[in-house]
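The values are calculated or read from the model by the stated rules, or taken from the named source; none is laboratory data. All of these numbers come straight from a predicted model, not from anything done at the bench. FYI the Cβ positions are ideal-geometry reconstructions off the backbone, even for glycines, and counts take in every protein chain you see. Heavy atoms of the whole protein, side chains included, go into the accessibility calculation; ligands, DNA and RNA do not. Shrake-Rupley method; radii C 1.70, N 1.55, O 1.52, S 1.80 Å.
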Amino acid sequence: MIDRVFQVLRQYWLHLAALGAAFCLGAVLVFGVLEADRIQARLANMFQDEPQRPDIVTAEWDKIETNLLTIERLDVSLGNVDGSATGGAIDEFAGYVLYASANGHLASLQLDSGSLTYSESRVPMDYDRVRTEVFADKIQFNQNWFRVHDLHVRSITATSAELYVSHHVFRPSDQTICNVVNRTRIDTGSGVLEFGSDWEEIFRLDVCVPLIDFEWQFNGHMSGGRMTEFDGEHVLLSVGEFGLANFLNTPELVQADSGNQLAKILKLNLETGDVSVFASGVRNPQGLMRDSQGRFWETEHAAQGGDELNLLREGADYGWPNVALGTEYGAPRTRFPRTPVQGGHDGYERPVYAFVPSIGIANIVPVPAGGAFSLWTGDFLVTSLVGETLYRLRPEGERIVYSEPIKLGMRLRDIIVLDNGSVAILTGNRSLVFIRDAGASSDEPDVFPVSGYDAIGPLEQKARGFVGDYSWGRDLFRGACSSCHRVDGETEVAPPLNGIIGRRIAGVDGYPYSDALENAGGRWNTSKLNDLIANPQSAYPGTSMPATALDKYERRAVVEYLAGLDE
C-alpha cells in the first residue's frame, strides 16, 4: 500500500505544493543561526517570570451587545495541563461542568461554589507513555492532534451517570491509531463529583490509520469523534476521513461504498456496542446536535472556502470526497479532481448553509425554549476556531434565514447549554467562556470566584516539562509545520526545511514557489524570516503563505531546532 500511495503522491506533488503555503503554519520557518543557549535561557526565564496565580481567582461578567439581546460573558481558566496538545471537550452533570483536556486529564467545575478540581482518573489513551516512548522520534507525526474528541453524559440517577469519552488510542501491535469510545462512572453522592477509575471500551473504529504506510503523517484533527444523543440507548457518532482523500490521496478509502466506517455518521448502541451507518460522505465533522423537533444536524470542515451545516437524513450521502463547495487548498484556487464543477455539489445531499470563507466551524447547539435567552429560542449557536466567533443562526423550516456573528476573540471548540439556560464554551485557550442574557440575569452576582488553582500547578508544570526535557522547538515544528514539511531532504507537499540556513530564497529546484518568493532574491537570514513569520503579506506581498500563530519565543525555538539539522 505504501508504494502505491507515495507513487501517486509523487505524481501530484506539484499540484499539492500550494497546500504547503496556504494550509501549514510555518511554511518557511528557516532562518539564520541563533544562539541556542540564549534562546533556552529566555524560554526558561519566560516561564519562571510568569505571575503567580492565587488559589482563588475572581472572574467578572462583561457586557456584549448583540442584535436582539444584551448578553454577558465571563471567562474561567481551566489551567494548561496539556501543553501544546489541542482538543478536549465539555459536558454537564448535576451542577458541574465536566472537562476532558486534549491529553485526557479529567476535571470538574462546580457551578455553585466555583470549585475547580482535577481527578486522578484519566482517559485511557496512554498519552504520556506513547508521547515519550513511541512518538518522540517521529518528526512527521503531529503529537498535538493525538487527542480527546468529545464527552457524553448518560444519567442513571440524580447523583450518578455514565461518562462516555471518544478519543484516539495507539495500537502498538500494528502501529496504528484508532478512534474509540470508552466509558466510566461519575458520582456526586459524596457531595463532590468523582470520576471512576475503571474504563470499558464499547466502540473501536473498524479501520485504524496505518501510520507506517503514510510515514507517520497523521491528520488527527480530521477524525471526528463528536457524539449526540439519538434516543435512550443510542448516540450518533461522527467519524472523519483523517485526511486520507485530498491530503494523502487515497479517496477510495473514504467513499460511501468503501465498506468501512471512515467519513461516516454512525449510530452506536450504548448497551451492546452494535453500530450501523446512519449517513456518509462527511469530511471533517466537528459538530453534532439534535434540535427540539428531533432533527439531527452536523457541522464540518468541508474544504477551503466552504464549511458546511448539514441536516442529517438516514441513508443520505453528503458527497465527500466527490464534491465540495470549497476548493483545493492553496492559491490559485483549483477544483478538487473529482468535483465536476468547482464549488458545485450536484448529485449529493446539499448543505443547508455554508460559511464562505471558512470559519473553522466547530460544535453546534440549539437554544431551548424556556431558557435564559428568550429571544433566541429555537436558534442554533455555532462555534468557530479560525473565526474566533460565536454564530447565532436563525432557522426557518429547513433553511437558515441569517447568521449573526458574535466576536469573542479566541478559538471556540466546544459548546453546551447548561441546565440553568446559560451557555458554556470551551476555548483554545484552555478556558471556559460562560454566556448569559443580561436582562434575565439582573439579580445574579456580577462576579464568580473560582478556587482550586494551587492544586493544578503541578499538572501545569508537568505539561511545560518539554521545555527542559524535550526540544520545545521540535514540538512546535510538529504542531505548526510537519504536516507539509519534512526534515530529511525530501520534497512532497512543501519544501524540506533541513539545511535551510543560508539557502537561497525559493532555492529548491523545480518547486513551484509563488511569484513573490521566486522574485525575492537573496538568502534567508534571521531578519528576513522573522519579518516573514510576523507578517507574510507585508514582507512579500502576494505570497500565499498565511500568518502564523507563533509568538517571538516560539519562532526562536523553532529556528533553534531547525538550525541544528544537517542538510
With the Cα gyration tensor of segment 325-463 giving a ≥ b ≥ c as the square roots of its eigenvalues, does the rule (a/c under 1.5 for rounded; else a/b larger than b/c for prolate; else oblate) give rounded, prolate or oblate? oblate
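State the extension gain, in nm to one decimal, for the chain segment bounded by ASP446 and LEU375, taking 0.36 nm per residue of separation less the distance between their alpha-carbons. Could the numbers behind the result be given before it?
Details: separation 71, 0.36 × 71 = 25.56 nm, distance 2.23 nm.
Net length gain for the segment: 23.3 nm.
With a 10 Å radius around each residue's Cβ, average the other Cβ atoms per peptide and rank 62-72, 220-230, highest first.
Numbers: 62-72: 14.8, 220-230: 23.1.
Result, highest mean first: 220-230, 62-72.
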Probe 1.4 Å - accessible area at SER108, Å² to nearest ten: 10 Å²
Sort 419-426, 87-94 by packing, meaning the average of other beta carbons within 10 Å per residue, with the highest value first. 87-94, 419-426
Starting from the Cα of ASN260, step 7 Å along the direction of its Cβ; do the same at ASP62; then give the gap between the two resulting points in nm. 4.5 nm
Tell me, what ³J(HN,Hα) does each residue in segment 309-317 have, in order and in whole Hz, if you take phi through Karplus 6.51 cos²θ - 1.76 cosθ + 1.60 with θ = phi - 60° and put x for Gly and Pro? 10, 10, 8, 7, 10, 4, x, 7, 10
Amide H partners (placed H, <5 Å) of PHE93, local residues excluded: LEU98
Starting from the Cα-Cα distance between SER197 and SER292, subtract it from 0.36 nm times their residue separation and give me the gain in nm to one decimal. 30.7 nm
If you stretched the chain out fully between ALA158 and GLU404, how much longer would it get, using 0.36 nm times the residue separation minus the C-alpha to C-alpha distance? 84.9 nm
Nearest-0.05 FRET efficiency for ASP531 and GLU490, computed from C-beta distance (R0 30 Å): 0.60
Between the modelled labels at ARG171 and GLU229 (7 Å from Cα along Cα→Cβ) the distance in nm is 3.2 nm
Apply 1/(1 + (r/R0)^6) to the Cβ-Cβ distance of ALA136 and ASP112, taking R0 = 45 Å, and write down the FRET efficiency to the nearest 0.05. 0.55
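Can you tell me which of 53-61, 95-103 comes out highest on packing, and rank the rest after it, using the mean Cβ neighbours within 10 Å? Please report the intermediate quantities before stating the final value.
Values: 53-61: 13.9, 95-103: 24.3.
So the peptides 53-61, 95-103, ranked by packing, come out 95-103, 53-61.
Please report, in debye to the nearest 20, how large the charge dipole of segment 219-343 is about its Cα centre when each Lys and Arg carries +1 at its beta carbon and each Asp and Glu carries -1 there. All intermediate terms of the calculation are to be shown ahead of the outcome.
Values: 10 positive and 16 negative charges, 93 e Å.
Around 440 debye, computed over segment 219-343.
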How large is ³J(HN,Hα), in whole Hz, for each residue of segment 511-519 in order, when computed from phi with the Karplus curve 6.51 cos²θ - 1.76 cosθ + 1.60 and θ = phi - 60°, using x for Gly and Pro? 7, x, 5, 5, 4, 4, 7, 4, 9
Among LEU288, PRO340, VAL275, whose Cα sits farthest toward the positive end of the charge dipole of segment 257-403 (+1 at Cβ of Lys/Arg, -1 at Cβ of Asp/Glu, about the Cα centre)? PRO340
